[in-house]
Amino acid sequence: MDPPRVGIVCAGSVTVFRISPQGRQVATSVLSPGDWFENVFPMASHERTFYQADQPLTVAWLEATTFQRVMRTYPDFGLELIRGQVRRLADVEARVSQNALDTVAGTVALAILQMAEREGRTDLHVTHEELAQRLGTVRESVSLAISKLRRAGVLAPARNRKRLISIPEPAEARAVRRLPRGERLAFRIRRAGGMPGRALEFAGGHTVQRIGFVADRHGPSAGGRDPPPNFASNVPAWAATTRSLVLSNALRSPALTTAALARSPERSPVRSVTVSPFLTVLRCAECAHADDPRRPQTVCTHCGGTLLPEYDTTAMAARLSKAEVAARPRGLWRYAELLPVGDLARAPNLGEGDTPLLPLRRLSAHLGLRDVWLKDEGANPTGTFKARGAAVGVARALELGLRELAIPTAGNAGSAWAAYAAAAGVTLHVVMPVETPEPIKAECRAYGADVTEVRGVISDAGRVVAARCAAHGWFDVSTMKEPYRVDGKKTMGLELVEAFDWDPPDVLLYPTGGGVGLIGIWKAMEELAALGWIDAKRTRLVAVQAAGCRPIVDAFATGAASAQRVADPQTIAAGLRVPLPFAHRLILRILRATRGTAVAVSDAEIRAGMRTLASVEGIFACPEGASLVPALQVLAARGDVRPEERVVLLNTGNGLKYTHLVPPGDGVPIGPPVV
Ligand SMILES: [Zn+2]
Ligand SMILES: [Zn+2]
């Protein structure tokens, strides 16, 4: 966790925004000099919080210990802070009662008055959009309310300058607040100029994740990790504005130097999350035999089945809350207790997880659906969801003392493991089919992996790996012979459920080759239910496969408990070219237990899906991810997905490694000839 500390606004003002689970940006309050925020007290919000500076900003940071010392030594300091909190609370109460009792027009008028009073000035640089964000509504409602107020004579006519609200006298504004509607309030409205977009970004309400400035419209970025400019020199200015405070001790303390700020790099919070003591055993999914996670394991020592990490969720529930998770920095490691890694400080971290969840508005309208989303795993390091499995798998290998790993791959697992092996300083041997796309081979070479190409498919690569591991003593980290990557992929499910405010979506479509991600997402929901964080509702999981390699689809259709190996798997989607997924029995059980289904689509449909997602939604997906588009079309047409249901497409990777699947003239208009 980030070190507990208190930030005090010294100069400038800050608007606090929350991002609601629906993705709406809501401004919750404005902090002005003397106001403060903290991550010392255990409170949290489920939403993402941003602090945006409205003008150049100076913040004084006090470490928790310094803060406590100052509070004890200077009671006036504490009183001043309490006064500020009371004022903010009063604002919130006024707004809540207003929202409950009044019309939108009244709410808008009150918001304008509050801003005028707080800022003590007459010109409010606020757009309709910003007012809408403050009030948690949409711009259209605010614009409508403002024209209503205008017609009622409360606002002056707009003239030609529309967007900036100006109040002649705060005193007058205060008086108007007590007057019934219809009294005249001379708001002058004119357009706001471009406001500097300097921002401090925080995550999860109280935990400082990133301190820095984003580019504003008037100048270049000050750089993501720079401390606020003029930090030290502005502290006395703030001390002067709050005259009753004596801060000489605090000013001398190391907490209030730019050097102290520079010593808190972005990634340090992630690495210091408490070690999970909750991993108990590796449980076989087939025979329930338990294996010891403190030793290197591959498959069940009893029956050869798939091993899954198992956690003491009862003990975990007593010590961990949703709010605590929500307050942590974004990314895969925020779910530390639900991950098998013990030594987080040594785990390689390339910024995995926290991928965007995007509403597919145009596509869903086209399909007659209303609530379709895409989780875009293409945003991960190395451009695919494999980064999640590799981050956790390599971290476990490292703490188990394994230093030379080997992996057979159809492509993306190889580059992801190569990247994390590089970051961890572990040797990796990659064996892949010659047909693997060139960008992926290049990635593996760049990451310094030992690359061998074989004729055939991934199972042929697997045989080569097995032989060499036996000969050289390397450790085989093949999919599902390595029991930990599944929990890395599980975080896709954890993020998804958390993003929807712990309400699992109705349906999830998953491109299923090896099926580890599907198993992970199912495991996420089972564990969240065991923690008591979600109810009995389960997302219906849909496995999507290619027509030329559909072992799960066929077995599901016949009601079989296990799938049959496909003799000659054929598809352009390499990730779906898995003749028999190792965990086929488990996958089939999961599809049935969640009342899901399995769908196959043709290569032509996959290509069309790539173009559709890219041209209609602006998302260039890998072929595996794009296969979900035609699959959703099938489900919608069959009535397997109802229009009002919340559907998530899990796009497993970025399309940039697959440009060969979108050749010129392939279904898109040909431009003028290249000379
Ligand atoms: Zn077993
Ligand atoms: Zn994998």
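Every number here is computed from the coordinates shown, using simple stated rules; none is lab data. This structure is a prediction, so every number in the text was calculated from the model and none was measured. As a convention, Cβ positions derive from the backbone with ideal geometry for all residues, glycine included, and neighbour counts pool all protein chains shown.
Summary of values
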{"read-out": "Distance in nm between pseudo-label sites at Trp502 and Val92 (7 Å out along the Cβ direction from Cα)", "value": "1.9 nm"}
{"read-out": "Gain in span if fully extended, Ala557 to Ser602, counting 0.36 nm per residue against the direct Cα distance", "value": "14.5 nm"}
{"read-out": "Of Lys490/Lys657; Lys375/Lys537; Lys441/Lys490; Lys148/Lys375; Lys148/Lys322, those spanning more than 32 Å from alpha-carbon to alpha-carbon", "value": "Lys148/Lys375; Lys148/Lys322"}
{"read-out": "Relative packing of 430-437, 281-288, 646-653, which averages over residues the other C-beta atoms within 10 Å, highest first", "value": "646-653, 430-437, 281-288"}
{"read-out": "FRET efficiency, Arg139 to Ala614 (Cβ-Cβ, R0 25 Å, nearest 0.05)", "value": "0.30"}
